1. Can I get the semi-axes of the range 2-86's equivalent ellipsoid? Compute them from the C-alpha gyration tensor as square roots of 5 times the eigenvalues, in angstrom, largest first.
2. Summing +1 for each Lys or Arg and -1 for each Asp or Glu, what net charge is found among the other residues whose Cβ lies under 15 Å from the Cβ of residue 72?
3. How tilted is helix 67-79 with respect to the longest principal axis of the chain? Cα atoms for both, answer in degrees (0 to 90, nearest 10).
4. Tell me the chymotrypsin sites (Phe, Trp or Tyr not before Pro) within the range 16-117 that lie in a loop according to DSSP and have at most 12 other beta-carbon atoms within 10 Å.
5. Straight-line reach from residue 88: which aspartates and glutamates fall under 15 Å, measuring Cα to Cα and dropping same-chain residues less than 8 apart?
6. Please identify the trypsin sites (Lys or Arg not before Pro) of the range 1-76 that satisfy two criteria: DSSP loop assignment and at most 10 other Cβ atoms within 10 Å. Which are they?
7. Angle, helix 91-116 long axis vs. longest principal axis of the chain, Cα atoms, 0 to 90°, nearest 10?
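Derivation of every value follows stated rules applied to the coordinates shown; laboratory data play no part. Since the model is a prediction, treat every value here as computed from it, not as a measurement. Every residue, glycine as well, gets a Cβ built from its backbone with ideal geometry; the counts of neighbours run over all protein chains shown.
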Amino acid sequence: MTRQIHTLHIAQLKNNCPTCFGADGLKFTFKQEEKESSFFVKPSTQLEESLYCQNCDTTIYPVNWDIDIERVYEYNKKIAETKRRSLKVKPLFYIMIFGGAVLLAAGIYYLATSLIL
């Protein structure tokens, strides 16, 4: 099973950094993990979000956010469209189901004909 992380939305902020007080280096990144096997593809239900300052090269954690950053975060979280949270099956899954149904039908047919004779 492979795991991939897809970037859903990146937003440049004009807010001041709580660490270096720079006004143009903050960047929100929203990511979503996706699990893929030979039978299905399933996106995770949780978003990974991070706030990074390019001026001071640090990650800003939610504890240090001020009210303005939280408002911008809520707005950008609504904009970040997540992939469907449903299970997407691949053609191999359908082949296995169809093959199992054929084997089951053949077994029932064999038992029915052997009981008659």
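1. Details: eigenvalues 170, 32, 17 Å².
Semi-axis lengths for the range 2-86 are 29, 13, 9 Å.
2. Values: positive: 14, 27, 71, 77, 78; negative: 24, 49, 66, 68, 70, 74.
Computed value for this residue: -1.
3. 30 degrees
4. On the way: sites: 21, 28, 30, 39, 40, 52, 65, 73, 75, 93, 94, 98, 109, 110; in loops: 21, 39, 65.
Within the range 16-117, the qualifying chymotrypsin sites (Phe, Trp or Tyr not before Pro) (loop, at most 12 other Cβ atoms within 10 Å) are 21.
5. Within reach: 33, 34, 36.
6. On the way: sites: 3, 14, 27, 31, 35, 71; in loops: 14.
Counting only loop positions with at most 10 other Cβ atoms within 10 Å, the trypsin sites (Lys or Arg not before Pro) in the range 1-76 are 14.
7. 20 degrees
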